[in-house]
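Accompanying notes for the structure given below.
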């Protein structure tokens, strides 16, 4: 992982954030394979084919409230006899003229009734009659047949990531199986002789490999199937062999470290030997040496080795690329919150900066953003301290009190 610092090739122009993202998304090819999955196992998957309603929803006129069903015109007659009781799940008899039916939420409205009066507005008399309000209008508190869905209507359309609400809607029309995109297979590899897996003893100059865990957690949150290629030694031959193996087995290869220009940075030349590199320098801090290309036909994204750089570039670039490959449409764009800077930023940078930040709301409801004390892209504490990133544009300076754009972590991890 030598060369993991935030540096790049001074001889090559850097892409803007927008240009880099546009390049990646233009190269993302959505999966075409799909599979049937039981409803209970479909959460988090991306729907591949439409679900249509087999019938009208609701399938009959039903009551939206507990109360009394009647003809609105009959209410002026005074107390009406209660001719039947209709709980949810029961069949209703046609309503006898001049009567009311005791009815409950979800129960079918009897033929002949044109309104439901809520029970709180009525008084049940001891002789089996019900006293109604003086004025009753037709059409109240009835859910009409087909008002939500008609037979053949699309219930769910392809490209949506299925959440609990989607699964509940599918169940409400009787679906038990949904056709979803197969899981995206992503191979991950970490580059560097200095890396040791947690639990193993550290030798001189060695550090624990946190990037493996970070990649695994980020990819699990997107519902990917993970192929762990482990740690590759700092040699060109080993790097080529490992990357070629990943490209054979996966839909996408992600590598951390080895993408800069140091003598021990072998990922970049290995990718160029196996395929091509389309991008590897972005005007961003942290994360300038982000690489994108193909190993054969398999797309490749290489992040800097420092974990904060990996996190930021994954969220801003790899995440939308993966979502496009999964067939998610439209791609969600992280929402910015407009807040006030609680810090000074006196020195402009030619690159766009995504600084780890914390949004706080004071007793008056005013939102203020603070930034982590260190700008180091190796300090993972900054990500546990932060609840978002503050976006600092190229050439921007700030004084405390100026407006800033804040991206919550929830927008980058969901």
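The values are calculated or read from the model by the stated rules, or taken from the named source; none is laboratory data. None of the values given here were measured: they were computed from a predicted structure. Quick reminder, even Gly has a Cβ in these numbers, built from the backbone with ideal geometry, and neighbours come from all protein chains shown.
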For segment 291-333, how many residues are modelled with pLDDT of 95 or more, closer than 30 Å to residue 362 by Cα and touching a helix residue (DSSP H, G or I) at 6+ places or on another chain (Cβ under 8 Å)? 4
Would you mind listing the strands (runs of 3 or more DSSP E) fully within segment 86-202 where at least 2 residues are within 30 Å of residue 212 (Cα to Cα), in contact with a strand residue (DSSP E or B) (Cβ under 7 Å, 6 or more places away or on another chain) and touching a residue at least 60 places away in the same chain (Cβ under 8 Å)? 177-181, 185-191
Tell me, yes or no, whether segment 350-370 has at least one residue that is closer than 30 Å to residue 45 by Cβ, buried (at least 19 other Cβ atoms within 10 Å of the Cβ) and under 23 Å from the mean Cα position of the chain (by Cα). yes
Any residue at all in segment 26-35 that's over 18 Å from the mean Cα position of the chain (by Cα), in contact (Cβ under 8 Å) with a residue 40 or more places away in the chain and buried (at least 19 other Cβ atoms within 10 Å of the Cβ)? no
Over segment 203-212, the set of residues within 29 Å of the chain's Cα centre (by Cα) and assigned to a strand (DSSP E or B) is none
The listed residue being touching a residue at least 24 places away in the same chain (Cβ under 8 Å), out of contact with any strand residue (DSSP E or B) (no Cβ under 9 Å at 6 or more places or on another chain) and either outside the structural domain of residue 196 (by TED's automatic domain parsing) or in a helix (DSSP H, G or I) (or both), out of 240, 268: 240
Output the number of residues of segment 379-408 satisfying the condition of being buried (at least 18 other Cβ atoms within 10 Å of the Cβ) and touching a helix residue (DSSP H, G or I) at 6+ places or on another chain (Cβ under 8 Å). 4
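Here is a yes/no grid of residues against (1) at pLDDT 95 or above; (2) part of a strand (DSSP E or B):
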{"residue": "2", "(1), (2)": "no, no"}
{"residue": "7", "(1), (2)": "no, no"}
{"residue": "10", "(1), (2)": "no, no"}
{"residue": "18", "(1), (2)": "yes, no"}
{"residue": "22", "(1), (2)": "yes, no"}
{"residue": "26", "(1), (2)": "yes, no"}
{"residue": "29", "(1), (2)": "yes, no"}
{"residue": "35", "(1), (2)": "yes, yes"}
{"residue": "40", "(1), (2)": "no, no"}
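Residue by residue, here is whether (1) in contact with a helix residue (DSSP H, G or I) (Cβ under 8 Å, 6 or more places away or on another chain); (2) farther than 20 Å from residue 377 by Cβ; (3) surrounded by 21 or more Cβ atoms within 10 Å (Cβ to Cβ) holds:
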residue: 206; (1), (2), (3): no, no, no
residue: 232; (1), (2), (3): yes, yes, yes
residue: 236; (1), (2), (3): yes, yes, no
residue: 255; (1), (2), (3): yes, no, yes
residue: 273; (1), (2), (3): yes, yes, no
